[in-house]
Structure formats: structure tokens, C-alpha cells
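**Q** Here's a structure for you.
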Amino acid sequence: MRQIIAVLWALILTVPTSADMATDEKALLALHQEIIDAHKNIGLEAWLEKGVEPYISANRGTISYPTVAERKKRFRAYIGSTQFEYYRDMVPPIVSTSADGTLGWVIVQVEAKGVRSGEDFSFQSAWIELYEKRSGSWVNTGNISNFKP
């Protein structure tokens, strides 16, 4: 009987509370804002240093597993040749976490306008940012994205 009670207490103590969930959702929204800011070259280097592996990317019909170094190189080249007039959320991001509080995701829709390599551009894109809680902190472990035709 004591073992059953001990197991029940352990389960109760590990279930996230609504306060935990609200805190996690705020943390995930803050991480999404870092992505928005990085696109505008605000805090880019600090954001790039948060890269983790393994990381999974799905976009343009392809699944890939870019390394931290590959992601840094690609993003620096992209930001280095781009000047955004704006890069912003079109709708409030949708944030959710798993019942056990170890996984999270943010679903977003953004619009952007600017100049890249001397050419004007604009686009709309939607994506899902994937997160895991590791050692008590959220880390971005993947992204599934698409662009509006």
C-alpha cells in the first residue's frame, strides 16, 4: 500500500500546474520573439548561440537535420544580405505544451517586406517551432515551415 501511495504522490508532484503551463507559454512566446528579433538582426548572435542538436527542419518538401554550424552559416548569410522593412506576426502565435511539460510548440504566421541582395521582396509564411525542455530550460529542436504562394 505504501508503494502505491508513494507512486501516486510522485505522479501528483510531477504533473504541471496551470501556473507552470502559463510560465512555460510565456517562455515559449519569448523564444518566438527572439526569432522575430533575430530576423531583424536584433540579438542575432545571442540567438544563434542557442542552437542545439539534434535539430530537424521540414520545409519546401524536404526533411533535413542541419547542424548548429550549418544553421549559423545559412542564417548569417540570409540576414547579411537582407534589410527588412518589417518582419512581424500577422496573428497572435498559438502556444501549447505537452501534458507532462517536456514538449512545446509555437504556431505562427508572419509577414515580411524588405530588400534582399538589392531586390525588393515580400512574403507570408507559417511555421511550427518545436521545443523540448532540457535541464529546466526550453530549447528549439525543430521547425516545420511553408511560404504562401
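**Q** What do you get for the angle between helix 68-80 and the principal long axis of the chain? Use alpha-carbon atoms, 0 to 90 degrees, nearest ten.
**A** Between helix and principal axis, roughly 40 degrees.
**Q** On a straight-distance basis, which lysines could pair with K72 in a cross-link, Cα separation under 16 angstrom, same-chain partners fewer than 8 positions away excluded?
**A** By straight Cα distance, K72 reaches K40, K50.
**Q** Now for a separate question. Provide E25, E53 in ascending order of the number of other Cβ atoms located within 10 Å of each residue's Cβ, fewest first.
**A** E53, E25
**Q** Tell me what the chain gives for mean residue ellipticity at 222 nm when only DSSP H runs of n ≥ 4 count, each as -39,500 (n - 2.57), the sum divided by the residue total, rounded to 500 deg cm²/dmol.
**A** About -11500 deg cm²/dmol.
**Q** Largest first, please: the extent of the C-alpha atoms of segment 17-147 along each principal axis, to the nearest Å.
**A** Projected onto its principal axes, the Cα set of segment 17-147 covers 50, 30, 29 Å.
**Q** What is the angle, in °, between the Cα long axis of helix 18-39 and the longest principal axis of the Cα atoms in the chain? Nearest 10 is fine, range 0 to 90.
**A** Computed tilt is about 20 degrees.
**Q** Express in whole angstrom the spacing between the alpha-carbon centres of segment 19-80 and segment 109-145.
**A** Here the answer is 7 Å between Cα centres.
**Q** Taking the chain as the reference, fit the longest principal axis to its C-alpha atoms, fit the long axis of helix 2-14 to the helix C-alpha atoms, and give the angle between the two in degrees, 0 to 90, nearest 10.
**A** Value to nearest ten degrees: 20.
**Q** Another question, then. With each label point set 7 Å from Cα along the Cα-Cβ vector, what nm distance links R116 and E85?
**A** 1.6
**Q** Full extension from E25 to I144: what is 0.36 nm times the residue separation minus their Cα-Cα distance, to one decimal in nm?
**A** Result: 40.9 nm gained on full extension.
Read-outs: derived from the displayed coordinates by stated rules, not from any lab. From a predicted model like this one, the values you see are computed outputs, not experimental measurements. Using ideal geometry, Cβ is built from the backbone for each residue, glycine included, and neighbour counts are taken over all protein chains shown.
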